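Since every read-out is calculated from the coordinates, none of them should be taken as a lab result. Just so it is clear, the model here is predicted, and its values are computed rather than measured. Don't worry about glycine lacking a Cβ; one is built from the backbone with ideal geometry, like all the others, and counts go over all protein chains shown.
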Amino acid sequence: MNTTPATKRPICSNCNRPVRNCICALISTITNEVEILILQHPDEAPNAKNTAGLLHLSLKSSQLKIGEHFVTQDLDSWLFADQKQPLLLYPEIPEYQALGLGAPRTLPSLNLMAPNQLRLVVIDATWRKSRKMLYLNRTLQILPRMMLTETPPSIYKIRKAHSENQLSTLEASCYALQQLEQQQVDYAPLLSAMRLFVAQQSAFVPMLHDQNDLSNPFAPDERNPNL
Ligand SMILES: [Zn+2]
């Protein structure tokens, strides 16, 4: 157990959260076949309601890197390690040329690739910050994009969402992995853990006082097309 210097609150050394808010009991071990790389905006790391930590600690094959503008060589080494094919989980940006963004490469034929040849790349940030991260990291712009279709409604109700079908990072990642792994891995324990996480966090932070918006932007926000 560690303590933070500013507050001396005891911190759980496993999940890195204040002990009263520890999520270790919610961690389930999921043996995902498609590796996941979570690129987390620095604002998300200390946010008690962020779901990426639970996701990362529950998936056997997961990396989490915190930053906004990554060093290109570092980012490339994470993206392309072990000759895996990285796929960015991100909605289409029809106006990408007008915004000066690079064109995403064509999605490879996924049915010709084994799940363990793939790497799912997820940006864990608010919608606005995720666009900024995309803008700042050119390699992310040109990665083949994966989009989700027909997902169940979000069970994540503790942060304000821009649209009804917007999902948390944890949910979006589970559904994307399920899609890529053709339902071979069961993510139900992790989604159930998230329901408990939502209940736990709602008890600490009343939603009415929350001014943050939902992490991982799933649906494009038509009202905010600019970076
Ligand atoms: Zn913990």
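Take every DSSP beta bridge with both residues inside region 1-155 and express the antiparallel ones as a percent of the total, to the nearest 5. Mind showing how you got there, number by number?
Working: 3 of 22 bridges.
Roughly 15 percent of the DSSP beta bridges within region 1-155 come out antiparallel.
Could you calculate the contour length gain from residue 112 to residue 73, that is, 0.36 nm times the residue separation minus the distance between their Cα atoms, to one decimal place in nm?
On the way: separation 39, 0.36 × 39 = 14.04 nm, distance 2.86 nm.
Contour length minus Cα-Cα distance gives 11.2 nm.
Quick one: which residues, 5 or more positions from residue 146 or on another chain, have an amide H under 5 Å from its amide H? H modelled 1.01 Å from N in the peptide plane, none for Pro or chain starts.
Long-range HN contacts for residue 146: 88, 89, 90.
For residue 85, enumerate residues with amide H under 5 Å from its amide H, sequence gap 5+ or separate chain, H modeled in the peptide plane.
Placed amide hydrogens put 118, 119 under 5 Å from residue 85.
Order the peptides 96-106, 28-38 from the highest to the lowest mean number of other Cβ atoms within 10 Å of their residues.
Working: 96-106: 12.5, 28-38: 19.4.
Order by mean packing, descending: 28-38, 96-106.
Past the 23 Å Cα-Cα mark, which pairs from 65/129; 65/132; 49/84; 84/132? All intermediate terms of the calculation are to be shown ahead of the outcome.
Values: 65/129 15 Å; 65/132 16 Å; 49/84 31 Å; 84/132 25 Å.
As for pairs spanning more than 23 Å Cα to Cα, those are 49/84; 84/132.
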